[in-house]
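What follows is a set of notes on a single structure, which appears directly below.
Each reported figure results from applying straightforward, stated rules to the coordinates on display, with no laboratory input. Source: prediction; values computed, not measured. Please note: Cβ atoms are built from the backbone with ideal geometry, for glycine as well, and neighbour counts cover all protein chains shown.
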Amino acid sequence: MRIKALVIRILRQFLRDKRTMALMILAPILILTMLNLVFNGSDYIPKVGLVDFPDQLKKQMDLDDAKIKNYSSRESAEKELKEGGLDGYLSIKGKSPEIVLEGSDPTANRAFMLWVQKAFKPVIPNANTQQLDVDYLHGSATMSQFDYFGPVLLAYFAFFFVFLIAGVSFLRERTSGTLERLLASPLRRWEIVVGYVFGFGIFTTIQATIIAWYGIYILDMLMEGSFLLVLLTILLLSFTALTLGILLSAFANNEMQIIQFIPLVIVPQVFFSGLFNLETMSEWLSWIGPLTPLYYAADAMRDLMVRGYGIKEIYPDLLLLFGLSIIFMILNIAALKKHRKM
């Protein structure tokens, strides 16, 4: 009977917590649906440039299964390659093709080289891509998958742990009565929010520095750009996670409810952060990516670490991350009204 009473108490506790009940059912369904849409997407179609190719040669080649663009000069193809409009381009050098790859995405590189082998098969039956002359705009032939995914993982782990720690810590401030006492003091709501953000931000800065340093200098991730800009990007992303975590903690009553936000806020961002190619996803799903902070952080991190770009190329991503932090801070100030009006 004692066991029965314990079981009944636990069941009643779950039934009273409607949010937990909904999460146990809806969150796995949401994640499985996203996985299905990601992995059942179309194959990657390489974007290929042909520089001054003879028409007679193009007629003999198998040009299917690629997005072909024709160029009259290497300069125009090179410009398009740098702007991300091509995965690579081909030109004729002597009697064999010369290949220049964008190089930052191993998946696109592999798809491009497989297409080249298929395209030249009618012309050169025993064509071997390993014997072709290949140059890289970014990266190299030895670039690994970890070099490509590493920048995204650095951003993701910084975002995840800052979000979690900020949410739980601010919730404890509420449940312990500290926040209520602050609201009763002469401090204004915006001063409380700014104080918390900068207080947590000190530890966020330390965490971001250690993560970036360890990934780049201990794990030897590919690093072509400035370490200071990498650190700045992770810091801005961490402040976005910090302000978002504090905001969502206002709608949680205990630590368990903070954890419940992870499948709804953190996990979906993984699919749009760059770990999966957005071009292979269902078209109606890929628009979600630009709405997530990790989308911009991952783009900036890859530009810095893999492509070696500078502040000129990544500042739009940094401005968006900074803007999101400001928006979440404003919403935090408004959310404090829920606890007590001043």
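Here the simple spin-label model places points 7 Å from the Cα toward Cβ, and for residue 168 and residue 319 these points are separated by 3.7 nm. Highest mean packing comes first when the peptides 309-322, 161-174 are listed by Cβ atoms within 10 Å, giving 161-174, 309-322. Per-residue extension of 0.36 nm, minus the Cα-Cα distance of residue 287 and residue 330, leaves a gain of 12.9 nm for this segment.
Calculated FRET efficiency, residue 312 to residue 5, Cβ-Cβ distance, R0 = 41 Å: about 0.05 to the nearest 0.05. The trypsin sites (Lys or Arg not before Pro) of the range 48-121 that DSSP puts in a loop, and whose beta carbon has at most 10 other beta carbons within 10 Å, are 95. Annotation: extensible slack from residue 60 through residue 202 equals 44.8 nm (criterion: 0.36 nm per residue apart, minus Cα-Cα distance).
Summarising the label geometry, the points placed 7 Å from Cα in the beta-carbon direction at residue 255 and residue 36 lie 3.5 nm from one another. One quarter of the convex hull surface built on the alpha carbon atoms of the range 195-342 amounts to 10.4 nm², the projected area averaged over directions. Our estimate of slack between residue 219 and residue 72, defined as 0.36 nm per intervening residue step minus the Cα-Cα distance, is 48.6 nm.
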